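Everything below concerns the one structure shown next.
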Number of protein chains: 2
Amino acid sequence: MSTPSAPDATLTVGDVADRVGLAPSAVRYYDERGLIRSVRTTGGQRRFGRDTIRRLAFISAAQQVGKTLDQIADALETLPDERTPTHDDWAAIATSWRPGLDEQIARLEALRDKLDGCIGCGCLSLERCALWNPDDAAATLGDGARWLLGESLSDVDATATATAVHDPSRS
Amino acid sequence: MSTPSAPDATLTVGDVADRVGLAPSAVRYYDERGLIRSVRTTGGQRRFGRDTIRRLAFISAAQQVGKTLDQIADALETLPDERTPTHDDWAAIATSWRPGLDEQIARLEALRDKLDGCIGCGCLSLERCALWNPDDAAATLGDGARWLLGESLSDVDATATATAVHDPSRS
DNA sequence: GTAAAACTTCAAGTGAACTTGAGGTCAAGG
DNA sequence: CCTTGACCTCAAGTTCACTTGAAGTTTTAC
């Protein structure tokens with residue numbers, strides 16, 4: 001839809017699709033959504049600049065870690081329109097995404113490392129575990145310690161205090 | 001729809017929904033999908049055992065790191081039907097998921113740590129970077145070095161190494 | 001005993017991210 | 001020039017994970 005930053009817009013939809021391993025329909029969709037830029041030939045066909053490959057690779061990578069197209073679009077918005085983005089332009093995105101990515105990594109590590117421990121004993125506090133901390137749930141439940149996996153408040157209350165390891169699963 | 005492992009199925013949909021911070025409709029949906037188990041009252045209402053909380057917490061945590069309900073269902077299938085799952089039952093899931101979770105972590109770390117470096121210079125090889133390695137793309141492109149973000153084969157050919165292979169993979 | 005709150009099923013709707021298909025046009029090789 | 005493959009638009013379909021609404025039933029609390 002909009003003009004690509006570089007004047008050398010020579011790549012077709014199929015070209016860029018092949019290079020990043022996407023379907024042509026996906027490339028058109030991204031163009032429509034404004035995540036990438038194209039110019040049109042006199043006949044109305046899309047042509048992309050080489051930096052589109054870079055954008056698409058970024059889009060794919062970001063998608064693979066769970067970013068939505070809206071989030072990706074927001075990030076790409078920060079890149080300059082008129083010139084090919086520099087290292088610093090991309091680095092700015094890396095910086096702004098860092099906290100979110102760190103949190104995701106923490107969640108994954110928690111699920112990976114603590115799954116057996118936490119679920120097995122049902123004793124992990126919400127505040128101490130990155131695994132179970134959906135933003136909205138944390139907001140609505142905000143009082144006192146909740147428990148990650150297994151016994152919930154009433155169960156814990158019923159059995160013992162702080163370090164309670166009520167463990168019915170150890171049969 | 002099937003019977004819960006514990007005979008003390010006393011929790012209603014609303015109870016479990018509140019405790020894990022889910023909507024009642026989601027709980028019913030999971031029940032319908034077979035991810036959790038319930039018994040019915042004479043009046044036809046669902047009742048859940050306490051271990052359902054544990055399952056739901058697991059489902060939520062797994063979903064947050066991008067697992068689909070099908071994948072989660074598969075994992076939960078490995079848990080015993082007749083008794084409350086033990087530490088070891090859950091640990092088995094942790095073990096089988098480990099490689100996938102490790103890969104996801106690697107991707108995230110790559111996006112976090114290498115975004116500026118990789119994209120800025122456009123010089124990272126596919127084989128050396130965890131960021132850009134979607135399974136299917138890797139499978140279809142399987143030959144030679146492809147490049148992560150930025151300059152693609154032809155660009156690289158023009159500038160440096162001659163190990164590039166133009167892949168004739170598409171129609 | 002009754003009223004309200006929570007439950008029930010079932011069908012349809014939502015939004016994200018595309019894909020598919022129809023019907024037609026463009027561009028490059030021979 | 002002409003064929004062939006890739007491109008175009010637009011509308012509709014798909015999958016996932018639910019949510020919403022309607023119409024009715026059950027439980028609980030007083």
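Scanning the range B:72-87 for residues that are open to solvent by 60 Å² or more (accessible area, probe 1.4 Å) and touching a residue at least 40 places away in the same chain (Cβ under 8 Å) yields B:D81, B:E82, B:R83.
With the requirement that a residue be within 12 Å of another protein chain (Cβ to nearest Cβ) and touching a strand residue (DSSP E or B) at 6+ places or on another chain (Cβ under 9 Å), what does the range A:13-29 give you? Scanning the range A:13-29 gives A:V13, A:D15, A:V16, A:R19. When the residues of the range B:23-37 are filtered to those that are under 15 Å from B:G49 (Cα atoms) and not β-branched (V, I, T), the one that is farthest from DNA strand D (Cβ to nearest atom) is B:R37.
Of the residues B:L108, B:L131, B:L101, B:L69, the single one that is modelled with pLDDT under 75 and either within 27 Å of A:A23 (Cα to Cα) or open to solvent by 50 Å² or more (accessible area, probe 1.4 Å) (or both) is B:L131.
Could you list all residues from the range A:44-66 that are closer than 16 Å to A:T10 by Cβ, at the interface with chain B (Cβ under 7 Å from one of its Cβ atoms) and outside any helix (DSSP H, G or I)? The answer is A:R50, and nothing else. Taking every residue in the range A:13-36 that is free of Cβ contacts under 8 Å to residues at least 60 places away in the same chain and pairing it with any residue that is of a type in the set (K, R), at least 6 positions away or on another chain, the pairs with Cβ-Cβ distances below 6 Å are A:V13/A:R46; A:D18/B:R170; A:I36/A:R55. For the range B:38-62, how many residues meet the condition of being within 13 Å of DNA strand C (Cβ to nearest atom) and open to solvent by 20 Å² or more (accessible area, probe 1.4 Å)? Total satisfying the criteria: 9. Counting only residues that are facing chain A (nearest Cβ under 7 Å), closer than 23 Å to B:A9 by Cβ and outside any loop (DSSP other than H, G, I, E, B), the range B:82-92 holds 2 of them.
The values are calculated or read from the model by the stated rules, or taken from the named source; none is laboratory data. Because the structure is a prediction, the values reported are computed rather than measured. Counting neighbours? That spans all protein chains shown, and the Cβs are built from the backbone with ideal geometry, glycine included. The area values use the complete protein model at the heavy-atom level, side chains included, leaving out ligands, DNA and RNA. Shrake-Rupley method; radii C 1.70, N 1.55, O 1.52, S 1.80 Å.
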